[in-house]
Amino acid sequence: MKNRVKYIVLAILALPILLMLTLISWVISQYLTNPLDFVDQPIENLSIVSDSVFQAEFLPEDRVYHSIILQNTQQGEVRILLSTPSEIPEEGLPVVIILGGLEVGKYTLKYIPDPGNNIIITYQYPYHPEYWYKGSAFEQIPIIRSSVLTVPSQVLSLINWISYQEWADNNKMTVTGYSFGALFIPAIYRLAAQNSIPIKYGVIAYGGSDLYQLLVTNMTNFDQPLRSLFSWLAAISLRGIEPAAHAPFMRAEFLVVNGTLDHQIPEDSWRELHSLIPEPKTIIILEEGHMHPRKVELTRRLVKLSHKWLIEKGVANE
């Protein structure tokens, strides 16, 4: 009986040590892995699963809107909203792909009141916040990680699909990232260069580097030291999209926009990103806070700045 109790006590004492060793081993393995390896997934051919036309009272009536679900064997569903002019010339039109905040949908299009003679595509992230409430944290955290790391290859698979569409001018495709979407742009463009996918220009609005700093700034639901611990673990888990790891390897010209009054993206974070992005680049610093759906005028101002810059670069129409 005494021996049995002894073994139980030893097992209880050994469990925390075992868990700590497992955690240390996992952390070391993450740091020893090239961040590109986490997102370097196959760029596959997509096929349409569903395509439905929709309209909304807040959208321009002279355009056609599609809600499309695409799919391949590896990455699951790729959801997009497609906005096109009513008439498209034979040579096709410039395509602008938008990665916005986490909460995206047809309302994203209302912030683009004057899309011009261009194709606008809003990418829908593979993970939606409501999924968090449908399962336990242990179930959802690995799903979140997997979903985040698949975004770059999904976007490039989307570009591959667009290149076969008659309505697209393949020489004029751009990916733009705003707020949450800006975090993915460096990984997307580095992976594009890795796969010889030519994207000449891009927009990074309200992005930053150093995932730990960004997470610890925004995880306001937790008090210290849990905030620092969770932010550190999350940053390690998501190293595959760390902007600082990919920005120096991007091969395109970028418009980069940030705000001096932004409390969600610390100044050290966005200034570091600015320094890591290779030339040529255009940097605009606004005396504004972080962009938000409630800040309609700021959002539209950012869209206009982006549109104007893309027109100047010859990859968008007025």
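The values are calculated or read from the model by the stated rules, or taken from the named source; none is laboratory data. Note that this is a predicted model, so its numbers are computed, not measured. So basically every Cβ, Gly included, is an ideal-geometry build from the backbone, and we count neighbours across all protein chains shown.
Summary of computed values
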| item | result |
| --- | --- |
| Count of residues meeting criterion [more than 27 Å from Ser306 (Cα to Cα) and either aliphatic (A, V, I, L, M) or in contact (Cβ under 8 Å) with a residue 40 or more places away in the chain (or both)] in region 218-258 | 10 |
| Subset of region 245-289 that is small (Gly, Ala, Ser) and buried (at least 19 other Cβ atoms within 10 Å of the Cβ) - its residue that is farthest from the chain's Cα centre (by Cα) | Gly259 |
| One residue from Gly207, Gly202 being touching a residue at least 40 places away in the same chain (Cβ under 8 Å), crowded, with 18+ Cβ neighbours inside 10 Å and assigned to a loop (DSSP other than H, G, I, E, B) | Gly207 |
| Options Ile121, Ile97, Ile43, Ile69; residue that is assigned to a loop (DSSP other than H, G, I, E, B), under 30 Å from Ser237 (Cβ atoms) and among the hydrophobic types (A, V, I, L, M, F, W, C) | Ile43 |
| Residue among Ser86, Ser153, Ser157 that is surrounded by 21 or more Cβ atoms within 10 Å (Cβ to Cβ), in contact with a strand residue (DSSP E or B) (Cβ under 8 Å, 6 or more places away or on another chain) and either at pLDDT below 95 or farther than 29 Å from Leu298 by Cβ (or both) | Ser157 |
